[in-house]
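K.L.:
Below: one structure in structure tokens.
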Amino acid sequence: MRFFQNIRADICFLGVCSIHLQSGLTGHFYEESEIKKTIVASSNHVVAVTTIDKIDTAEPFHICPATSLNTIITNAPGDEKLAPFKAVGISIL
């Protein structure tokens with residue numbers, strides 16, 4: 001964890017298991033979620049890369065609030081499930 005705490009990233013690209021507007025980004029595994037949480041905290045711009053089927057789902061381990069994201073890259077950028085994310089200022093690609 002110390003290693004990741006010392007990195008100051010301009011852009012962080014995260015592969016994401018689950019994104020939910022209220023629950024935030026969550027993951028299946030504790031250790032992986034903790035690493036992602038640390039990297040998000042030290043990044044200037046956070047991009048989640050995910051498929052549309054992972055939107056509005058949640059897993060056991062919290063990574064960060066959805067509002068920590070700047071951008072979501074997905075295979076269906078026009079899907080209506082993404083409208084709430086756009087409404088809070090997250091760019092969708």
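K.L.:
When both residues are 6+ apart or on different chains and their Cβ atoms are under 8 Å apart, which pairs have a first residue that lies in segment 48-63 and is without any contact (Cβ under 8 Å) to a residue 60 or more places away in the chain, and a second that is part of a loop (DSSP other than H, G, I, E, B) and polar (S, T, N, Q)?
P.N.:
T51/N75; I52/N75; A58/S23; H62/S23
K.L.:
How many residues are over 18 Å from I90 (Cβ atoms) and under 12 Å from the mean Cα position of the chain (by Cα) when one looks only at segment 1-31?
P.N.:
Number satisfying all stated conditions: 1.
K.L.:
Still on this structure: For segment 6-30, give me each residue that is within 13 Å of H45 (Cα to Cα), β-branched (V, I, T) and in contact with a helix residue (DSSP H, G or I) (Cβ under 9 Å, 6 or more places away or on another chain). If you could, list the steps in order and put the result at the bottom.
P.N.:
Applying the first criterion (within 13 Å of H45 (Cα to Cα)) to segment 6-30 yields 8-14.
Those still in the list that are β-branched (V, I, T) too: 11.
Of everything in segment 6-30, nothing turns out to be within 13 Å of H45 (Cα to Cα), β-branched (V, I, T) and in contact with a helix residue (DSSP H, G or I) (Cβ under 9 Å, 6 or more places away or on another chain).
K.L.:
List the helices (runs of 4 or more DSSP H) that sit entirely inside the chain and contain at least 2 residues that are charged (D, E, K, R) and surrounded by fewer than 19 Cβ atoms within 10 Å (Cβ to Cβ).
P.N.:
Hits in the chain: 30-41.
K.L.:
Given the options S18, S23, name the one that is among the polar types (S, T, N, Q) and out of contact with any Leu (no Cβ under 8 Å at 6 or more places or on another chain).
P.N.:
Values: S18 fails: out of contact with any Leu (no Cβ under 8 Å at 6 or more places or on another chain).
On inspection, the qualifying residue turns out to be S23.
Quick note: the coordinates plus some simple rules give every number you see, no bench work behind them. Keep in mind that what you see is a predicted model, and the values were worked out from it rather than measured. Please note: Cβ atoms are built from the backbone with ideal geometry, for glycine as well, and neighbour counts cover all protein chains shown.
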